[in-house]
Amino acid sequence: MCASSCEKDLYAVLGANPSESTEELRHRYQQLVLKCHPDRLSGHSSSEAEMGLKRFLEVDAAWKILSDENKRRDYDLLRRAHDLKQDWPVDSTVFLEDMIWNNDERLYTHCCRCGGAFIIDEEEVQEETLRSSSQEEEQTTRGQSKGVIVCCDTCSLSVYVTWTNLPQS
Ligand SMILES: [Zn+2]
């Protein structure tokens with residue numbers, strides 16, 4: 001998957017905010033398409049028409065993903081993971097099985113090298129497990145396992161916590 005340099009932020013393409021509803025996005029899409037639809041640019045110079053077409057295709061592609069509930073959810077997850085990776089360096093991958101289970105507080109902890117801890121609670125694990133198992137077929141073919149990025153409670157490091165099956169607790 002190429003989520004880093006070759007992909008533009010689809011919300012930015014539409015001039016939208018990630019929290020906007022599909023209806024708001026649709027409105028933005030329609031406004032943009034009105035401005036840069038190839039039919040509208042027939043009287044312009046060829047380079048302008050070309051730019052307009054490029055923009056139109058970009059806007060159209062962004063809308064096709066963001067207007068589809070499932071695709072938008074996938075994209076949001078990818079985008080969030082990507083944002084987190086940019087903001088905080090991901091130190092390493094930690095398997096949930098290797099984390100320390102705290103039965104009293106129902107959470108998993110893992111020591112950070114700064115002396116702090118990476119903490120993920122049972123609920124978060126279950127949520128992510130449910131979310132990814134609803135798209136299980138796709139996940140399996142892509143060879144991905146379930147996982148979330150967890151930030152240290154003390155320093156700015158984060159780890160990617162991953163698991164294949166919900167551990168017995
Ligand atoms: Zn730390």
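Report whether or not residue 101 is at pLDDT 95 or above and in a helix (DSSP H, G or I).
No.
Could you list all residues from segment 36-81 that are of a type outside the set (A, V, I, L, M, F, W, C) and under 16 Å from the mean Cα position of the chain (by Cα)?
67, 68, 69, 70, 71, 72, 73, 74, 75, 76, 79, 80
Inside segment 109-132, can you point out the residues that are part of a strand (DSSP E or B) and within 16 Å of the ligand (Cβ to nearest atom)?
Within segment 109-132, 109, 110, 111, 117, 118, 119, 120 qualify.
The values are calculated or read from the model by the stated rules, or taken from the named source; none is laboratory data. No experiment lies behind these values; they were computed from the predicted model shown. Don't worry about glycine lacking a Cβ; one is built from the backbone with ideal geometry, like all the others, and counts go over all protein chains shown.
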